[in-house]
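Colleague: To start, I am sharing the structure in question, which I have written as structure tokens.
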């Protein structure tokens, strides 16, 4: 752990209120840490050092005057550079993106973070337009993994996850369309939530696939993710749901190891997954095997809808500015031409079919648990120069994105090389707080989320 | 989808791919086409109603 850096948002909030820490000191530590490591890790596209200092001073002043905006008051938070903010441009990590898109108005989620007292430290790096792999030929930082700088932080919200893992910020927001919060969270060993589709307003977020795009919190722990979620979710019925549970004693947890559906499996994966299940059982959960219904069709639907909608958004620009896109993103979007209108409709039908089956499953189990991925983070060399199909075929995030369900990813025991491995816990639509509470209970009896990279 | 069909689909979309990249793009397009395979081979998909707001609401969204 970086010396003097709080363990998480909750601890920082406590220290600030007890007078042992100020927001100004916390933000200075955040800036110093970025100065120290960000050239190597590549977390930020743009830093807002001066406005962050001013926001921290205001946060301290408000607290001194008795105005307490809640757990995020004075807390440094990073924002994925696909969300607009008033301080600077929004690049979506692409030369094809108009950096002045929406005229530097805050995205709704950024506005809500500010209202909650958060200090926005900058815009974090990502995969171009939330899609694909890093492109070393483009003038943007490559999000590297703090556990091994030769490895990928994951995508697409790589900078958000690596900034939390490397102690540059205490929390961040990312977006998830097919796994873009959960993949980097899992590879970097932190915690993140793909929110129920529609729970967090996406105004001010550059679209990828309208049917799936969601915004979610990233932090060291599930409890800290809950603090961010409370600040950013919509006030309406979908966002305002609170937990129906307290603890995991007697909870029924469906499990699917997805072994047959994985293209590659790390030698340590099976034992780490079994250990996590054992921990939940010891905490009083009832674990039952429940294969995910219509798995192949739902994953297929994710790619068909995501690439079709992505192509719909980008096609006019791809026609005229092909080379401004990075190689990976432009090729992935172009893949949308492979699908017919009938394919798109069948993909939407697959969602309806799976919703019915999954609704039945959630009548029998409270939440469902799978690996997030069955491998640790790949090397950047293998990803960029090699064949990424084994990595893609080992990610199990698209299923829950297709169905719009809240899904939290969190670390379990690492690989033998010390790279993070992770699980994901999903629940019915609207049960965002419930799945975070399960993760919180797991983290109450384990220490995987407390591991820090040797950076 | 054959490579020839892939090239045609890219051209129909108005995408002009540089010569040194066209083969890899066509290869990805033909791979992507195969991704839709499970949907094309699932007769059950003809049974449920077309997804709409009601289906999502019934799911709890």
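The values are calculated or read from the model by the stated rules, or taken from the named source; none is laboratory data. Quick caveat, the model's predicted, so the values are computed rather than measured. With ideal geometry, Cβ positions are generated from the backbone for all residues, glycine too; neighbour counts draw on all protein chains shown.
Colleague: Given A:290, A:321, which one is closer than 28 Å to residue A:265 by Cβ, in contact (Cβ under 8 Å) with a residue 12 or more places away in the chain and either more than 8 Å from chain B (Cβ to nearest Cβ) or surrounded by 23 or more Cβ atoms within 10 Å (Cβ to Cβ) (or both)? If you could, list the steps in order and put the result at the bottom.
Modeller: On the way: A:321 fails: closer than 28 Å to residue A:265 by Cβ.
After applying the criteria, what remains is A:290.
Colleague: Hey, another quick one. Any residue that is crowded, with 21+ Cβ neighbours inside 10 Å, at the interface with chain B (Cβ under 10 Å from one of its Cβ atoms), touching a residue at least 40 places away in the same chain (Cβ under 8 Å) and within 30 Å of residue A:411 (Cβ to Cβ) - is there at least one of those in region A:331-344?
Modeller: Looking through region A:331-344, at least one residue is crowded, with 21+ Cβ neighbours inside 10 Å, at the interface with chain B (Cβ under 10 Å from one of its Cβ atoms), touching a residue at least 40 places away in the same chain (Cβ under 8 Å) and within 30 Å of residue A:411 (Cβ to Cβ).
Colleague: Considering (1) free of Cβ contacts under 8 Å to residues at least 12 places away in the same chain; (2) in a helix (DSSP H, G or I), say which one residue A:304 fails and leave the rest.
Modeller: (1)
Colleague: Is it true that some residue in region A:150-166 is out of contact with any helix residue (DSSP H, G or I) (no Cβ under 8 Å at 6 or more places or on another chain) and surrounded by fewer than 24 Cβ atoms within 10 Å (Cβ to Cβ)?
Modeller: no
Colleague: If a residue must be outside any helix (DSSP H, G or I) and without any contact (Cβ under 8 Å) to a residue 12 or more places away in the chain, how many such residues does region A:371-388 contain? First the steps, then the outcome.
Modeller: So in region A:371-388, the residues outside any helix (DSSP H, G or I) come out as A:371-379, A:386-388.
Still in the running and without any contact (Cβ under 8 Å) to a residue 12 or more places away in the chain: A:386-387.
Count: 2.
Colleague: Given (1) more than 7 Å from chain A (Cβ to nearest Cβ); (2) out of contact with any helix residue (DSSP H, G or I) (no Cβ under 6 Å at 6 or more places or on another chain); (3) surrounded by 12 or more Cβ atoms within 10 Å (Cβ to Cβ), identify the lone condition not met by residue B:26.
Modeller: Among (1) more than 7 Å from chain A (Cβ to nearest Cβ); (2) out of contact with any helix residue (DSSP H, G or I) (no Cβ under 6 Å at 6 or more places or on another chain); (3) surrounded by 12 or more Cβ atoms within 10 Å (Cβ to Cβ), residue B:26 violates only (2).
This table checks each residue for (1) buried (at least 20 other Cβ atoms within 10 Å of the Cβ); (2) outside any strand (DSSP E or B).
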residue: A:174; (1), (2): yes, no
residue: A:229; (1), (2): yes, yes
residue: A:249; (1), (2): no, yes
residue: A:275; (1), (2): no, yes
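Colleague: Here are some residues: A:271, A:262. Which one is more than 24 Å from the chain's Cα centre (by Cα) and either in contact (Cβ under 8 Å) with a residue 12 or more places away in the chain or surrounded by fewer than 19 Cβ atoms within 10 Å (Cβ to Cβ) (or both)?
Modeller: Details: A:262 fails: more than 24 Å from the chain's Cα centre (by Cα).
Result of the check over A:271, A:262: A:271.
Colleague: Another question about this same structure. Could you give me the residue pairs with C-beta distances under 6 Å whose first residue belongs to region B:1-30 and is touching a residue at least 12 places away in the same chain (Cβ under 8 Å), whose second residue is part of a loop (DSSP other than H, G, I, E, B) and surrounded by 12 or more Cβ atoms within 10 Å (Cβ to Cβ) wherever it lies, and which are 6+ apart or on separate chains?
Modeller: Hits for this filter: B:25/B:17; B:30/B:1.
Colleague: If only one of A:170, A:193, A:126, A:229 is within 15 Å of the chain's Cα centre (by Cα) and over 30 Å from residue A:417 (Cα atoms), which one is it?
Modeller: A:229
Colleague: Restricting attention to region A:295-315, and to residues there that are more than 18 Å from residue A:179 (Cβ to Cβ) and at the interface with another protein chain (Cβ under 9 Å from one of its Cβ atoms), which single residue is nearest to the chain's Cα centre (by Cα)?
Modeller: Looking at residues that are more than 18 Å from residue A:179 (Cβ to Cβ) and at the interface with another protein chain (Cβ under 9 Å from one of its Cβ atoms), I get A:311.
Colleague: Here's another thing I want to ask about it. With respect to residue A:396, determine if the residue is away from chain B (no Cβ under 12 Å), surrounded by fewer than 24 Cβ atoms within 10 Å (Cβ to Cβ) and touching a strand residue (DSSP E or B) at 6+ places or on another chain (Cβ under 8 Å).
Modeller: On the way: away from chain B (no Cβ under 12 Å): yes; surrounded by fewer than 24 Cβ atoms within 10 Å (Cβ to Cβ): no; touching a strand residue (DSSP E or B) at 6+ places or on another chain (Cβ under 8 Å): yes.
Answer is no for this residue.
Colleague: Next question, about the same structure. Out of B:38, B:49, B:3, which single residue is modelled with pLDDT under 90 and either within 7 Å of chain A (Cβ to nearest Cβ) or under 19 Å from the mean Cα position of the chain (by Cα) (or both)?
Modeller: It is B:49.
Colleague: Checking the structure you have, find out if any residue of region A:68-85 is closer than 25 Å to residue A:206 by Cα, without any contact (Cβ under 8 Å) to a residue 40 or more places away in the chain and outside any helix (DSSP H, G or I).
Modeller: So far as region A:68-85 goes, yes, one or more of its residues are closer than 25 Å to residue A:206 by Cα, without any contact (Cβ under 8 Å) to a residue 40 or more places away in the chain and outside any helix (DSSP H, G or I).
Colleague: A further question on this structure: Mind checking which residues of region A:345-361 are more than 7 Å from chain B (Cβ to nearest Cβ) and out of contact with any strand residue (DSSP E or B) (no Cβ under 9 Å at 6 or more places or on another chain)?
Modeller: Within region A:345-361, A:345, A:354, A:357, A:360 meet the criteria.
Colleague: Would you confirm, using the coordinates I've provided, whether residue B:19 is over 29 Å from residue A:351 (Cα atoms) and either out of contact with any helix residue (DSSP H, G or I) (no Cβ under 9 Å at 6 or more places or on another chain) or in a helix (DSSP H, G or I) (or both)?
Modeller: The answer is yes for residue B:19.
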